[in-house]
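Heads up, the thing below is written out as structure tokens.
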Amino acid sequence: MERCIFCRILARQTPAKIVFEDDSVFAVEDINPQSPVHLLVIPREHLVSLKDAAADREGLLGHLLAVAAKLARERRIESDGYRLVINTGALGGQSVFHLHVHVMGGRMFHWPPG
Ligand code: AMP
Ligand code: ZN
């Protein structure tokens, strides 16, 4: 069965810099970073997007945010501020269809986003 890129990373079938792992989530350095710190926090379970996870995965969604905040603290972007992004679906700009939270910091972000 063909797996998505994040499932392949988790299975060590595709190389990536895994920076955190626990029972339910893992985090990698984004391969095409858009800021000095750019990590992705990803559930181990293949959930396509937030819309697939929202109804019955509140615990997992909370944990994704808690891990994102912990990594932001460890990467020392907490005091200056940082941005979490969950692109969802085509108009949301999602390109990898396995739920993930972008943790971005180290530069100024603008609003509204492009
Ligand atoms: P999104 O557009 O929100 O779906 O974000 C997908 C992100 O995954 C992009 O920022 C990509 O740079 C990143 N990405 C794609 N392939 C890899 C990979 N093999 N390792 C790490 N990050 C990746
Ligand atoms: Zn997957």
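One table, with the values for the structure above:
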quantity	calculated
Of residues in segment 41-95 being closer than 20 Å to V28 by Cα and polar (S, T, N, Q), the one nearest to the chain's Cα centre (by Cα)	N87
Residue in segment 13-20 that is within 15 Å of ligand 1 (Cβ to nearest atom), in contact with a Ser or Thr (Cβ under 6 Å, 6 or more places away or on another chain), open to solvent by 30 Å² or more (accessible area, probe 1.4 Å) and part of a loop (DSSP other than H, G, I, E, B) present	no
Number of the condition not met by G59 [criteria: (1) open to solvent by 40 Å² or more (accessible area, probe 1.4 Å); (2) of a type in the set (G, A, S); (3) within 16 Å of ligand 2 (Cβ to nearest atom); (4) out of contact with any helix residue (DSSP H, G or I) (no Cβ under 8 Å at 6 or more places or on another chain)]	(3)
Residue pairs meeting the criteria (Cβ under 6 Å; at least 6 apart or on separate chains; first within 12 Å of H46 (Cβ to Cβ), in segment 5-31; second β-branched (V, I, T) and surrounded by 13 or more Cβ atoms within 10 Å (Cβ to Cβ))	I5/V96; F6/I42; R8/T14
Candidates V37, V41, filtered to the one that is closer than 21 Å to F109 by Cα, in contact with a Lys or Arg (Cβ under 7 Å, 6 or more places away or on another chain) and surrounded by 17 or more Cβ atoms within 10 Å (Cβ to Cβ)	V37
Residue tally, condition touching a helix residue (DSSP H, G or I) at 6+ places or on another chain (Cβ under 7 Å), in a loop (DSSP other than H, G, I, E, B) and under 22 Å from E78 (Cα atoms), over segment 21-49	0
Cβ-Cβ under 7 Å pairs, at least 6 apart or on other chains, segment 80-104 side open to solvent by less than 40 Å² (accessible area, probe 1.4 Å), far side more than 8 Å from ligand 1 (Cβ to nearest atom) and of a type in the set (G, A, S)	G89/S49; Q94/S49; L99/S49; L99/A53; V101/A68; V103/A68; V103/A72; M104/S35
Selection count, segment 78-95, where residues are closer than 15 Å to L39 by Cβ and either within 13 Å of ligand 1 (Cβ to nearest atom) or not in a strand (DSSP E or B) (or both)	6
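The values are calculated or read from the model by the stated rules, or taken from the named source; none is laboratory data. Treat the numbers as computed from the prediction; the structure is a model and nothing was measured. Note: ideal-geometry Cβ built from the backbone for every residue, glycine included; neighbour counts use all protein chains shown. Accessible surface is based on the protein model in full, side chains and every heavy atom, while ligands, DNA and RNA are left aside. Shrake-Rupley method; radii C 1.70, N 1.55, O 1.52, S 1.80 Å.
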